[in-house]
Amino acid sequence: MSSEQPYQNFLDNNPYPRALKSYDFLPHHGSAVYLNYQGKKLINFSSSDYLGLATHPLLIERSQQYVQTLGVGSTASRLVSGNFSLYDALEKKIALAMKKPAALILGAGYQANTSVLEALLDPAILKQRALVFCDRLCHASLLATTRFVADVKRFQHNDLIHLATLLKKYAPDTRPKFIIVESIYSMDGDEVDFNALILLAKKYHAFLYVDDAHAVGMAGRLGYGKAPDYAADIDMIMGTFSKALGSFGAYIACSEIMRDYLINKCKGFIYSTGPSPAVLGAMDAALELVPAMQEARLRVVDYAARLRAFLRENNLDHGASQTHIVPWIIGDTEKTLAISVLLQEQGILGTPIRPPSVPVGKSRIRFCLTAAHSEEDIRHLLEVLRSVIHLNIKNNN
Ligand SMILES: Cc1ncc(COP(=O)(O)O)c(C=O)c1O
């Protein structure tokens, strides 16, 4: 048997194989919203560039400035020799924005969650395996290492009564307790109830870890996410620069002690080259722009409300979405794939999301509304959806 046989077997038995498609920007548009796919114009409704910052002139300019000064690489792990003073300045700005005493930049959101949680839950440090209470729909990165180092109890999605029941059941257990949630769930666009969650975390002395990836830039008093508005009661905030903030990378906002601990223990920080100066420039500019983008956020709120209203009026399921992420939950994977093709034929990029990214029977087209969409784009989306529905494709659920 060839050494690649097991992998070939997996590919052969995968009913819905994933494949990369390559898109180009549509010439002269200068926006990530309008794509050219094999000669066809597509309006991208599957992008996480919620504020349109990926092509914003200030991010591009600052990124170029940093590259001019420092080159394109940080040349080493920050603990070795790759720690430019720009990192320190930026981390101070992040800490201020997220209302925590300190912050640390990491390579990517996935890397941040996997390596920070591995360090946070390290049984050698805690002298025992921690008990982790994690929402059933938490992103894969929140569980990837967690499940190996801690005992994980998953509660029903956004069901804080279920969480309370589990916390009560394990109250006599003296092991350290952690609660892991997202503030806005990536595939459902619904939000956690922070007030109730914080009461529970306090009552059961649980460490609260919040992934604010889909909220930063889009929610909160100054637009820096939902978590900063509750920062005093959240132990650790994780967020990304890769979604509404337009570029790449992640941050952890926490206490000085926890930052020092991560610098000493987080393998994804210690054993990884610091992000490129190009990315640092884009991060810096995005942080500067976000508070003044309230008009853009309100426009996205309006787009999302109109899409949800349309789906409801047509008896289509948008789940519990309350934000800029609006899923059309179709259920059947085959049907979801077919609808995605129909949308694409009419110029709408709505990527199908299927298991394991979502539970079996919950395949969907996940629409992301962004400030880079125009009124005309939204009207076109609704028109195309109307025509697809008229093709007599009914919702499964
Ligand atoms: C909730 C959540 N956390 C973390 C990540 C990972 O972030 P990144 O894309 O920066 O690796 C994602 C991205 O899909 C996400 O949705």
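The values are calculated or read from the model by the stated rules, or taken from the named source; none is laboratory data. Because the structure is a prediction, the values reported are computed rather than measured. Methodologically, a virtual Cβ is constructed for each residue, glycine included, from the backbone with ideal geometry; neighbour enumeration extends over all protein chains shown. Surface areas here come from the heavy atoms of the whole protein model, side chains and all, with no ligands, DNA or RNA. Shrake-Rupley method; radii C 1.70, N 1.55, O 1.52, S 1.80 Å.
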Residues of the range 61-80 satisfying the condition of being surrounded by 18 or more Cβ atoms within 10 Å (Cβ to Cβ) and closer than 23 Å to Met293 by Cα:
Arg62, Ser63
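Let's see how each residue does on (1) closer than 27 Å to Met293 by Cβ; (2) touching a Lys or Arg at 6+ places or on another chain (Cβ under 8 Å); (3) assigned by TED's automatic domain parsing to the domain that holds Val301:
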| position | (1), (2), (3) |
| --- | --- |
| Asp135 | no, yes, no |
| Thr146 | no, no, no |
| Leu160 | no, no, no |
| Phe178 | no, no, no |
| Glu191 | yes, yes, no |
| His205 | no, yes, no |
| Ala213 | yes, yes, no |
| Gly217 | yes, yes, no |
| Gly220 | yes, yes, no |
Got at least one residue in the range 348-370 being under 30 Å from Asn14 (Cβ atoms), among the charged types (D, E, K, R), without any contact (Cβ under 8 Å) to a residue 40 or more places away in the chain and not in a helix (DSSP H, G or I)?
yes
Considering only strands (runs of 3 or more DSSP E) fully contained in the range 30-114, which possess at least 1 residues that are closer than 30 Å to Leu343 by Cα and among the aliphatic types (A, V, I, L, M)?
34-37, 40-44
Restricting to the range 260-278, give me the number of residues that are farther than 27 Å from Ala54 by Cβ and not basic (Lys, Arg).
8
Only one of these is of a type in the set (Phe, Trp, Tyr) and more than 16 Å from Ala201 (Cβ to Cβ): Phe155, Phe148, Phe178. Name it.
Phe148
Counting only residues that are open to solvent by 10 Å² or more (accessible area, probe 1.4 Å) and in a strand (DSSP E or B), how many does the range 179-193 have?
1
Matching entry among Pro356, Pro291, Pro327 (being open to solvent by 30 Å² or more (accessible area, probe 1.4 Å) and at pLDDT 95 or above)
Pro291
Just to verify a result, which residue in the range 81-100, among those that are over 23 Å from the mean Cα position of the chain (by Cα) and farther than 17 Å from Ala286 by Cα, is least open to solvent (accessible area, probe 1.4 Å)?
Gly82
I'd like the residue in the range 121-139 that is touching a helix residue (DSSP H, G or I) at 6+ places or on another chain (Cβ under 8 Å) and open to solvent by 10 Å² or more (accessible area, probe 1.4 Å) and, out of all such residues, is nearest to the ligand (Cβ to nearest atom).
His139
Quick one: count up the residues across the range 197-224 that are open to solvent by less than 10 Å² (accessible area, probe 1.4 Å) and either of a type in the set (Phe, Trp, Tyr) or free of Cβ contacts under 8 Å to residues at least 24 places away in the same chain (or both).
1
Report whether or not Gly107 is within 16 Å of the ligand (Cβ to nearest atom), within 10 Å of Gly274 (Cα to Cα) and not aliphatic (A, V, I, L, M).
yes
The range 225-238, residues that are open to solvent by 10 Å² or more (accessible area, probe 1.4 Å) and away from the ligand (no atom under 16 Å from the Cβ):
Asp229, Tyr230, Ala232, Asp233, Asp235
Looking at the structure I just gave you, is Pro57 under 22 Å from Ala206 (Cβ atoms), surrounded by fewer than 17 Cβ atoms within 10 Å (Cβ to Cβ) and of a type outside the set (S, T, N, Q)?
no
Of everything in the range 247-287 that's of a type in the set (Phe, Trp, Tyr) and within 16 Å of the ligand (Cβ to nearest atom), which residue is surrounded by the most Cβ atoms within 10 Å (Cβ to Cβ)?
Tyr251
Matching residues, the range 330-341, being surrounded by fewer than 17 Cβ atoms within 10 Å (Cβ to Cβ) and part of a helix (DSSP H, G or I)
Glu334, Lys335, Leu337, Ala338, Val341
Does any residue in the range 138-153 that is under 14 Å from Met187 (Cα atoms) and at pLDDT below 95 come within less than 7 Å, Cβ to Cβ, of a residue that is in a helix (DSSP H, G or I) and open to solvent by 40 Å² or more (accessible area, probe 1.4 Å) six or more places away or on a different chain, and which pairs are these?
none
Within the range 189-216, how many residues are in contact with a strand residue (DSSP E or B) (Cβ under 6 Å, 6 or more places away or on another chain) and within 16 Å of the ligand (Cβ to nearest atom)?
12
